[in-house]
Each structure stands twice: as C-alpha cells, then as structure tokens.
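The values are calculated or read from the model by the stated rules, or taken from the named source; none is laboratory data. Predicted model only: the values in this text are computed from it and were never measured. Backbone-built Cβ (ideal geometry, glycine too); neighbour counts: all protein chains shown.
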Amino acid sequence: AAYVPGHEVELAVDPGYGHAFAVLFIQVIRDQVHVFDEIYVNQTHGRDIISLVKNHRSYPDLRHIVMDIAGKQHGNAQDSAYETWTSAFSPDGITISGRYVKVEEGIRRTHDKFSIDLRTGEPFTLVAPECKMFLWELTEGYMYPTTTDTHEVRGEKPIDIHNDASKAFSYWVID
C-alpha cells in the first residue's frame with residue numbers, strides 16, 4: 001500500500017498523550033483500503049501532530065479526518081482535540097467527524113476489512129510495512145486476557161491497551 005498522489009486521503013485519528021497518539025493515512029483505491037503511513041507517538045501535543053500532518057507529503061490530497069469521539073472532551077479548560085483539529089483543518093476545506101464506537105463493533109468491522117474479497121481474491125485492506133505500530137497492534141499488541149497456565153482466552157473484551165491505531169482504524173471503518 002503506497003501513497004498515490006492525486007487520490008483522496010483520509011486520516012483515522014486516536015488522540016493521546018499518556019498513551020500513543022495514533023494517526024493513520026488512508027486511501028481507497030478501486031474499492032481497496034490502503035493504509036500507507038502512520039504517525040504513532042507518545043507524550044506529544046495535538047498541535048505538534050497537526051504540524052506533522054500538514055507537512056506530510058500527502059497533505060495536498062487530504063479531504064477528511066475521522067477522530068475518536070473522546071476527542072471532543074475538554075481537559076484543563078483547554079479546547080478539545082476535536083476543536084483544535086477543526087480550527088486547524090477546516091480553513092483548508094478538510095472535514096472532521098467522529099462517533100461513539102462500541103468495542104465489539106469496532107473489532108468485528110475491523111476484522112471484516114481484513115478479510116478477502118471473494119469477488120477479486122484480494123484483501124479488502126492493504127497496510128504498508130512502514131505502518132509498524134499498526135501492524136504490531138494487529139498481530140501482537142491488542143490482546144485478549146488469557147490464563148497464565150494454558151494461555152486460553154478469558155473474557156469477551158480485549159485488554160484496553162496497545163490499541164490506539166487499531167481503534168483509529170475502527171472509527172474510520174464505521175464512519
């Protein structure tokens with residue numbers, strides 16, 4: 001999955017400071033999702049992430065941003081992440097949306113996007129190797145609780161850690 005200049009770009013965003021701030025760069029090319037880059041950093045303010053996005057090679061093609069609905073929350077009497085991003089990107093005609101996503105629905109819909117399209121034999125989603133943290137979350141990071149002796153899965157919800165890019169992707173899929 002490589003960036004294709006001239007094709008619309010969307011971002012999937014899960015804001016964070018104490019945990020990772022995850023941004024996925026996404027294009028849909030011929031009905032196939034291409035996740036071609038990521039920003040995945042800790043203890044970095046949203047305004048710094050905005051600068052990284054605005055200086056990204058794909059910025060001229062950016063049209064829409066999907067953000068975790070929690071980004072609308074205010075902290076320490078400051079603007080919410082949603083408000084900060086809206087004021088930074090809306091003058092350039094870039095729209096921002098977000099909605100509440102149940103954990104189970106996000107997992108199910110993400111799983112569906114990583115299946116094979118039976119019409120074409122191709123996966124619905126390609127992820128570039130540069131998206132190391134997103135790939136790590138999908139394969140090793142975002143896990144279900146297991147028993148210590150047999151490592152059998154316990155419970156129906158994964159542990160809410162190491163899932164920032166995965167959650168950002170699920171918000172984008174459902175939006």
Q.
Looking at the stretch 88-112, I want the residues that are among the acidic types (Asp, Glu) and have a partner that is assigned to a helix (DSSP H, G or I) with Cβ atoms under 9 Å, at least 6 apart or on another chain. Which pairs are those?
A. ASP92/LYS54; ASP92/TYR59; GLU105/SER170; GLU105/ILE174; ASP112/VAL173
Q.
Looking at the structure I just gave you, is ASP61 modelled with pLDDT under 95, more than 24 Å from TYR100 (Cα to Cα) and in contact with a strand residue (DSSP E or B) (Cβ under 9 Å, 6 or more places away or on another chain)?
A. no
Q | Residue satisfying condition, being more than 17 Å from ALA1 (Cα to Cα), aromatic (Phe, Trp, Tyr) and modelled with pLDDT of 90 or more, within set PHE36, PHE21 | A | PHE21
Q.
On the basis of being modelled with pLDDT of 75 or more, over 14 Å from LEU24 (Cβ atoms) and surrounded by 11 or more Cβ atoms within 10 Å (Cβ to Cβ), does PRO158 make the cut?
A. no
Q. Where residues in the stretch 4-62 are among the acidic types (Asp, Glu) and more than 14 Å from the chain's Cα centre (by Cα), which of them is surrounded by the fewest Cβ atoms within 10 Å (Cβ to Cβ)?
A. ASP31
